[in-house]
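*Asks:* Take this structure first; my questions come after.
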């Protein structure tokens, strides 16, 4: 039995949701999102709560049960508050700046890296070494943050590169004389 899947998803104030067939749609102050639930999982809306349960007791249906509930929680949370990932840039001369809607990164290459901001995502640069990626879709926010980090990931000797704000870099010892 899925401990996560058993809990119904309660809708907070200001968020409305509807279930039509296998599609769950949530509307809130930040926007609107929808998620199509797998056919092996049954979705019901009752008393301002969305409940999820497997259609049968097969291993496949039970494995998709908790994941479907978590996806529904993510769209409800996204349209209410949104999601945010913070990135830090470490290294001499490494910096970020906004160039219109695009992110311009100086990461030690012979040229600046220009990253086009996808639709539905907001990128802001507070300081030249801090980047904040925000949006209502949790998967898209994480994907954009991962793509920015991929340009120059943190290296283990000096820790230079782009890393998540909460990420801890395992450092290696350098050469000995």
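The values are calculated or read from the model by the stated rules, or taken from the named source; none is laboratory data. Remember, predicted model here, so these are calculated numbers, not experimental data. With ideal geometry, Cβ positions are generated from the backbone for all residues, glycine too; neighbour counts draw on all protein chains shown.
*Asks:* In the range 84-143, which strands (runs of 3 or more DSSP E) lie fully inside it and hold 1 or more residues that are touching a residue at least 40 places away in the same chain (Cβ under 8 Å), closer than 28 Å to residue 74 by Cα and touching a strand residue (DSSP E or B) at 6+ places or on another chain (Cβ under 8 Å)?
*Replies:* 102-106, 130-135
*Asks:* Can you name every residue in the range 36-48 that is over 12 Å from residue 23 (Cα atoms) and either outside any strand (DSSP E or B) or at pLDDT 90 or above (or both)?
*Replies:* Within the range 36-48, 40, 47, 48 qualify.
*Asks:* Right, residue 71: surrounded by 12 or more Cβ atoms within 10 Å (Cβ to Cβ), free of Cβ contacts under 8 Å to residues at least 40 places away in the same chain and assigned by TED's automatic domain parsing to the domain that holds residue 53 or not?
*Replies:* On the way: surrounded by 12 or more Cβ atoms within 10 Å (Cβ to Cβ): yes; free of Cβ contacts under 8 Å to residues at least 40 places away in the same chain: yes; assigned by TED's automatic domain parsing to the domain that holds residue 53: yes.
Taking the combined requirement at face value, the residue satisfies it.
*Asks:* Okay, next question. Would you check if residue 172 is in contact with a strand residue (DSSP E or B) (Cβ under 9 Å, 6 or more places away or on another chain) and outside the structural domain of residue 37 (by TED's automatic domain parsing)? I'd like the intermediate steps shown before the answer.
*Replies:* Working: in contact with a strand residue (DSSP E or B) (Cβ under 9 Å, 6 or more places away or on another chain): no; outside the structural domain of residue 37 (by TED's automatic domain parsing): yes.
Criteria not met by residue 172.
*Asks:* Separate question: Condition first: over 17 Å from residue 139 (Cβ atoms), surrounded by fewer than 16 Cβ atoms within 10 Å (Cβ to Cβ) and in contact (Cβ under 8 Å) with a residue 60 or more places away in the chain. Now tell me which residues in the range 4-44 satisfy that.
*Replies:* Within the range 4-44, 4, 7, 12, 14 meet the criteria.
*Asks:* Right, another one. Kindly list the number of the only condition in (1) in contact with a helix residue (DSSP H, G or I) (Cβ under 7 Å, 6 or more places away or on another chain); (2) assigned to a helix (DSSP H, G or I) that fails for residue 33.
*Replies:* (2)
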